[in-house]
Amino acid sequence: MHTIMQQLINGISLGSIYALLALGYTMVYGIIKLLNFAHGDVYMLGAFWGYFVINYWHFNFIFALISTMAITALVGVIIEFLAYRPLRHAPRVAALITAIGVSYFLENGMSYLYGASARSFPQVIKQHNYHVAGISISNIQIIILGTAIFLMVALQFVIKQTKMGKAMRAVANDPDAAQLVGINPNHVISFTFAIGSALAGAGGVLIGLYYNSIDPLMGMTPGIKAFVAAVVGGIGSIPGASIGGFLIGILETATQAVGLSAYKDAAVYVVLIIILLVLPSGIFGKNKKEKV
């Protein structure tokens, strides 16, 4: 029982980071039906920005996190403006290929500028382990989980209670009707990319703090797993993306716990296939009928 609880805690800590990434995927897809495969690399940029501001400017954790979210939000807006907006009315496959191209550009650009080798993330917070009923939990895990939950609650507040959140829901439901009532879809889409990218950047800092290692290709696998989390939860659903992220994190740590570390990535895709066979629209997704 102690082992199960320990792995559950580890899985929830890791899953909270996947959830932050998955939220960006599901928000962008919900607004413009685009799978932004460059999202994982924005997460990588966030980790590197956190690395530099902590190492060279000596920021504490809070300022590093806030500055990272601001920078990655700006990066997200720039990517949307330069790469995706000109293809807004093009076939979806064109935008999808562009997203893959942006992903490779960010990965190879960072490898060229700063080298492809891994770097040790500065431990801006000294780690302390707490033992409760035979279960070990660190202050780093508590901070990661607390930060992730705070950001998720803040996102839910923005979407449900603010004017921009109402505009996001309107554009996601019917962009043409939203434009007729005075909503500027370009502003809403840019804001969506900014919020999603800010959450990804925060995830990059948290994962650096958790694993103490970053590299230019670090966003590839977590980005795909976060996409899986969004699909499992129901692509386009904010609560679904959060739940999906936690489920993927728990599944990954459970796979490692039973001695199948080499297959932890495969287990994620097996679960995806099973979920799609049983619930094609995901756990919280809704089936939508489209006219042919």
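Miscellaneous remarks
- Note on the range 95-209: dipole from Cβ charges, positive end direction compared against GLY208, ASN139, PHE157; the farthest Cα belongs to ASN139.
- The chain: most fluctuating residue of VAL93, VAL258, VAL53 per GNM, C-alpha cutoff 10 Å: VAL258
- Solvent-accessible surface of the chain, averaged per residue with a 1.4 angstrom probe and all protein chains in place: 50 square angstrom.
- Once both labels are positioned 7 Å from their Cα atoms along Cα-to-Cβ, the gap between ALA118 and ILE78 label points is 2.8 nm.
- Farthest towards the positive end of the charge dipole of the range 21-217, among the residues PRO185, ALA38, SER117, is the Cα of PRO185, using unit charges on the Cβ of Lys, Arg, Asp and Glu.
- On Cα atoms only, tilt of 238-257 relative to the major axis of the chain in degrees: 30 degrees
- Nearest 10 degrees, 0 to 90: helix 139-161 Cα axis against the chain principal axis: 20 degrees
- Portion, in percent, of the accessible area of the chain that falls on carbon or sulfur, probe 1.4 Å: 68 percent
- Residue order for ASP41, ASP215 - accessible surface, 1.4 angstrom probe, largest first: ASP215, ASP41
- Anisotropy class of the range 143-292 from Cα gyration tensor, a/c 1.5 cut: oblate
- Cα shape, the range 21-217, gyration tensor, a/c 1.5 rule: oblate
- Rounded to the nearest 20 debye, the dipole size of the chain about its Cα centre is 660 debye, using +1 on the Cβ of Lys and Arg and -1 on the Cβ of Asp and Glu.
- Ellipticity at 222 nm from helices only: DSSP H runs of n ≥ 4 in the chain, each -39500 (n - 2.57), divided by the residue count, give -24000 deg cm²/dmol.
- Summary: within the chain, the longest segment free of chymotrypsin sites (Phe, Trp or Tyr not before Pro) located in DSSP loops with at most 13 other C-beta atoms within 10 Å is 58-292.
- Straight-distance crosslink candidates among aspartates and glutamates, where the alpha carbon sits under 19 Å from LYS160 and sequence neighbours closer than 8 are dropped: ASP174
- Assigned charges on the beta-carbon of Lys, Arg, Asp, Glu; the range 121-228 dipole about Cα centre (debye): 240 debye
- Reported to the nearest whole Å, the Cα centre-to-centre distance from the range 20-86 to the range 98-158 is 12.
- Entries in LYS33/LYS225; LYS126/LYS166; LYS163/LYS225 that, when Cα-Cα distance is taken, lie over 29 Å: LYS126/LYS166; LYS163/LYS225
- Distance-filtered residues of the range 248-263 - backbone nitrogen under 20 Å, label point 7 angstrom along VAL278 Cα→Cβ: 248-256
The values are calculated or read from the model by the stated rules, or taken from the named source; none is laboratory data. Nothing here was measured: the structure is a model prediction, and the numbers come from that model. Note that we place each Cβ from the backbone using ideal geometry, even for glycine, and neighbour counts take in every protein chain shown. To get the accessible areas, we keep the full protein, side chains included, count just its heavy atoms, and leave off ligands, DNA and RNA. Shrake-Rupley method; radii C 1.70, N 1.55, O 1.52, S 1.80 Å.
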